[in-house]
Amino acid sequence: MEQLQQAVDQLSKLSPESRELFLAAFDQWIVPKDHFLVREKEVADYIFFINKGIARIYYYKGGKEITEWIAMDGQFFLSITSFFQRTPSHLIIQTIEPAEVLGIHHNKLMELAKKYHDVETLFRKMLTGSLILSQMRMDSIQFETAQQRYEKLLQQFPDMIRRVPVSYIASFLGVTLETLSRIRSAR
């Protein structure tokens, strides 16, 4: 819970009362590698926080798995459309190594946000951060070369290269395995 507390404190200042209630609202799971946190066509009920481990958010397109995001230690993640619209998810969230995952249920979060303005502010900041990351990812895919995307990944998440299968990294970067191999061998 300490890592979650730090992540919350970095995002927004909560009163002692709302901070305690917000953190207490999280469920905790210790899950194995390849555990599904959200399956395709399920409604995503949680905003997750990965305390330890890695989770991959992906979908199928043309029979291929496309990695949308890779969440590592200390990050929040979710299937945003399903969570907010309360509709079945087209995204799948699965751990790719054993993980300690925390999650706050949609209903608990909405209750707390309605009752405590500072929780509502935290929630808005979480959502804004997620939207900014999504936009940055889209901009990167549209305007940067594969080499630039790989270099940025190395800078931002150096541990990812060591812990995540190369096929997932290639998909996340929007390149083929062959292209990623060429980029890596040129370094």
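The values are calculated or read from the model by the stated rules, or taken from the named source; none is laboratory data. These figures come from a predicted structure and were not determined experimentally. Using ideal geometry, Cβ is built from the backbone for each residue, glycine included, and neighbour counts are taken over all protein chains shown. Each accessible area value is taken on the protein alone, full model and side chains, heavy atoms only, with ligands, DNA and RNA left out. Shrake-Rupley method; radii C 1.70, N 1.55, O 1.52, S 1.80 Å.
Report the full-extension gain for the segment M110 to S12: residue separation times 0.36 nm, less the Cα-Cα distance, to one decimal in nm.
Taking M110 through S12 to full extension adds about 33.6 nm, to one decimal.
Here segment 1-69 is treated as a sphere whose radius is the Kirkwood value from Cα pairs; by Stokes-Einstein at 20 °C and 1.002 mPa s it diffuses with a coefficient of 147 µm²/s.
Shown is the FRET efficiency for E151 and I66, computed with R0 = 25 Å from the Cβ-Cβ distance and rounded to the nearest 0.05: 0.70. Approximating the spin labels as points 7 Å out from Cα along Cα→Cβ, the R86-to-S140 distance works out to 3.4 nm.
If you bin all the Cα-Cα distances of segment 133-184 at 5 Å, starting from zero, the percentages per bin are 4, 22, 33, 29, 11, 1.
Let me know the shape class of segment 63-187, please: from the alpha-carbon gyration tensor, a ≥ b ≥ c as square roots of the eigenvalues, rounded when a/c is under 1.5, otherwise prolate if a/b is greater than b/c, or oblate. Prolate, since a/c reaches 1.5 and a/b exceeds b/c. To put it simply, the accessible area of segment 100-180 at a 1.4 Å probe is 59 percent carbon and sulfur.
Evaluated over the Cα positions of segment 1-152, the convex hull gives a direction-averaged projected area, one quarter of its surface, of 9.5 nm². Report the Rg/Rh value for segment 68-142, based on alpha-carbon coordinates and the Kirkwood definition of Rh. Ratio value, two decimals: 0.98.
According to the square roots a ≥ b ≥ c of the eigenvalues of the Cα gyration tensor, what is the shape class of segment 97-141, taking rounded for a/c under 1.5, prolate for a/b larger than b/c otherwise, and oblate for the remainder? In terms of gyration-tensor shape, oblate. Cross-link reach is defined here as a Cα-Cα straight distance under 25 Å, omitting same-chain residues fewer than 8 places apart; for K13 the lysines meeting it are K52, K108, K114, K115, K125. Using a 1.4 angstrom probe, figure out how much accessible area the chain has per residue, in square angstrom, rounded to the nearest whole. Ligands and nucleic acids excluded, the figure is 55 Å² per residue.
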